[in-house]
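**Q** Sharing a structure here in structure tokens format.
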Amino acid sequence: MIMWSTGRIDSNVAYAVMNDTGNFVLVGVGSSVLWESFRYPTDTLMPTQMLEINNKLVVRKSESFFGPGRFYLHMLSDGNLVLVTQSKPTNFNYDAEYYNSHTSDSGDEANSGYQLIFDELGSVYILKRNNQRLVLTPPNVPSISENYHRLSLDFDGVLTHYYRPKSTSTGDQKWSTLWSLPNNICLAIVEDIGSGVCGFNNVCHIGENQTIL
């Protein structure tokens with residue numbers, strides 16, 4: 001049974017490499033990049049990775065089941081970055097929007113966003129076509145050289161920037177939260193369409209670092 005595939009690659013692969021950033025790359029003759037995992041994110045971005053126009057992150061179904069869930073982070077073609085729910089992947093429209101970056105400018109396309117970037121210093125921002133930035137990360141980001149970082153859309157629908165020390169001498173190897181969106185997801189989704197935050201016939205409340213169903 002095939003668990004994962006890159007899809008069709010028309011050129012011959014010379015070698016594969018997993019680089020220090022976590023990007024898995026298939027390289028062709030002449031060192032040309034044929035395929036790389038950073039262009040096909042699932043629910044997480046790593047430093048030096050970006051989310052392009054019309055691309056998205058999709059949550060896993062639950063903490064232990066990695067099938068696609070119903071929360072999405074989507075970089076829309078109009079330049080807005082949105083967090084949305086979709087009760088069924090086959091639905092044409094989203095159920096509810098619970099975050100919008102408001103980085104779309106219909107009167108001036110250059111003032112619209114087109115990439116969500118997680119840079120090499122650990123900063124996360126929306127880059128506009130005029131090179132202006134909407135920075136999502138707070139000041140004083142823990143050092144990339146001393147900490148691992150990841151930006152994950154968790155199964156509960158919360159977008160969270162995590163970090164943890166690289167050194168084992170600190171004694172604390174747990175992931176800590178640097179920032180997250182939204183601040184309270186139980187209050188963020190109030191639409192009548194769809195199953196809300198926690199699903200039909202459930203009560204939502206906030207637990208430690210996540211929504212409890």
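The values are calculated or read from the model by the stated rules, or taken from the named source; none is laboratory data. On a predicted model such as this, the values are computed, not experimentally measured, just so you know. As a convention, Cβ positions derive from the backbone with ideal geometry for all residues, glycine included, and neighbour counts pool all protein chains shown. SASA here: full protein model, heavy atoms, side chains in, ligands and nucleic acids out. Shrake-Rupley method; radii C 1.70, N 1.55, O 1.52, S 1.80 Å.
**Q** Can you work out which of the residues in region 49-68 that are on the phi < 0 side of the Ramachandran plot and among the polar types (S, T, N, Q) is most open to solvent (accessible area, probe 1.4 Å)?
**A** Taking region 49-68 and keeping what is on the phi < 0 side of the Ramachandran plot, we get 49-53, 55-68.
Checking which are among the polar types (S, T, N, Q) leaves us with 49, 55, 62, 64.
Numbers: Q49: 7, N55: 55, S62: 38, S64: 103 Å².
Applying the filter and picking the extreme gives S64.
**Q** Please give the number of the condition S32 fails out of (1) over 17 Å from the mean Cα position of the chain (by Cα); (2) open to solvent by less than 60 Å² (accessible area, probe 1.4 Å); (3) touching a residue at least 24 places away in the same chain (Cβ under 8 Å).
**A** The single condition S32 does not satisfy is (3).
**Q** Let me ask another. Which one of the conditions (1) surrounded by 20 or more Cβ atoms within 10 Å (Cβ to Cβ); (2) in contact with a helix residue (DSSP H, G or I) (Cβ under 9 Å, 6 or more places away or on another chain) does M46 fail to meet, given that it meets all the rest?
**A** All conditions are met except number (1).
**Q** Taking the criterion of being loosely packed, with under 12 Cβ neighbours inside 10 Å, without any contact (Cβ under 8 Å) to a residue 24 or more places away in the chain and either not in a loop (DSSP other than H, G, I, E, B) or not basic (K, R) (or both), would at least one residue in region 112-125 satisfy it?
**A** no
**Q** Oh, and also: Can you name the residue in region 126-145 that is assigned to a strand (DSSP E or B) and not basic (K, R) and is also nearest to V82 (Cα to Cα) among such residues?
**A** Across region 126-145, the extreme among qualifying residues is I126.
**Q** On to the next question. Would you please name the residue that is least open to solvent (accessible area, probe 1.4 Å), looking only at residues in region 89-111 that are hydroxyl-bearing (S, T, Y) and at pLDDT below 95?
**A** The residue in question is Y98.
**Q** Is at least one residue of region 20-30 touching a strand residue (DSSP E or B) at 6+ places or on another chain (Cβ under 6 Å) and over 25 Å from I117 (Cα atoms)?
**A** There is at least one residue in region 20-30 that is touching a strand residue (DSSP E or B) at 6+ places or on another chain (Cβ under 6 Å) and over 25 Å from I117 (Cα atoms).
**Q** Just a yes or no: is a residue in region 124-135 among the hydrophobic types (A, V, I, L, M, F, W, C) and in contact with a Leu (Cβ under 7 Å, 6 or more places away or on another chain)?
**A** yes
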